[in-house]
1. Go through (1) farther than 22 Å from A102 by Cα; (2) at pLDDT 90 or above and name the single condition L54 misses.
2. Any idea which of (1) within 15 Å of the chain's Cα centre (by Cα); (2) not in a helix (DSSP H, G or I) is the one T86 doesn't satisfy?
3. Here is a check on your reading of the model: is D73 surrounded by 21 or more Cβ atoms within 10 Å (Cβ to Cβ) and within 15 Å of the chain's Cα centre (by Cα)?
4. I need a count of the residues in the range 31-53 that are loosely packed, with under 12 Cβ neighbours inside 10 Å and under 12 Å from P87 (Cα atoms).
5. Is it fair to say F96 is among the aromatic types (F, W, Y), in a helix (DSSP H, G or I) and loosely packed, with under 14 Cβ neighbours inside 10 Å?
6. Against the definition (under 16 Å from the mean Cα position of the chain (by Cα), hydroxyl-bearing (S, T, Y) and on the phi < 0 side of the Ramachandran plot), how does T53 come out, yes or no?
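The values are calculated or read from the model by the stated rules, or taken from the named source; none is laboratory data. Keep in mind that what you see is a predicted model, and the values were worked out from it rather than measured. Quick reminder, even Gly has a Cβ in these numbers, built from the backbone with ideal geometry, and neighbours come from all protein chains shown.
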Amino acid sequence: MGRLLLLFIAIPIIELFLLIEIGQRVGTLTTVGIIIATGAVGASLARQQGMSTLARLRADLAAGRLPADPIVDGVLILVAAAVLITPGLLTDLAGFLCLIPAFRQLVKRYLRRMFERAVRKGTVGVTAAFEGARDSSRRPPMKNVTPRRPGDSGGS
């Protein structure tokens, strides 16, 4: 929680410092133009990559494969879009990095290692459920059942 708080305090301070420095060197209007341009270009790239990731996700689901990679890509693209529309150059850099497929591969490898480590330590549990793997003692759900009215005997 402390790291998260530090991020929410440190990043805006760094962003403000960078914007002031760049504004003093190239001018206020140019700085605002850079912010608008990076936001527009980033949003366009995020939309394009998001659509291709959605297509990969659908293809994996249609083929019966677990769409883990497209899901992680989609989350990273969503993060990229969110930080790209946030004014600031540091967040724009982070957003553009998340739009680079090779960078996303590095992040996925890192997340996979973290997850595997957490599973080995026992801090994360994994449960798998498969369709059709029902408990044989359970009764299958009833279909087209009409609720009984008071006074019905239940017979035909």
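1. Only one criterion in (1) farther than 22 Å from A102 by Cα; (2) at pLDDT 90 or above is unmet by L54, namely (1).
2. With respect to (1) within 15 Å of the chain's Cα centre (by Cα); (2) not in a helix (DSSP H, G or I), T86 is out only on (1).
3. yes
4. 2
5. No.
6. The answer is yes for T53.
Quick grid of which residues meet (1) at pLDDT 90 or above; (2) hydroxyl-bearing (S, T, Y); (3) out of contact with any strand residue (DSSP E or B) (no Cβ under 9 Å at 6 or more places or on another chain):
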site: L78; (1), (2), (3): yes, no, yes
site: L84; (1), (2), (3): no, no, yes
site: Y110; (1), (2), (3): yes, yes, yes
site: K121; (1), (2), (3): no, no, yes
site: V124; (1), (2), (3): no, no, yes
site: A128; (1), (2), (3): no, no, yes
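Yes/no per residue for (1) within 19 Å of A94 (Cβ to Cβ); (2) in contact (Cβ under 8 Å) with a residue 60 or more places away in the chain:
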| residue | (1), (2) |
| --- | --- |
| L7 | yes, no |
| I14 | yes, yes |
| L18 | yes, yes |
| I22 | yes, yes |
| L29 | no, no |
| V32 | no, no |
| A40 | yes, no |
| A43 | yes, no |
| R47 | yes, no |
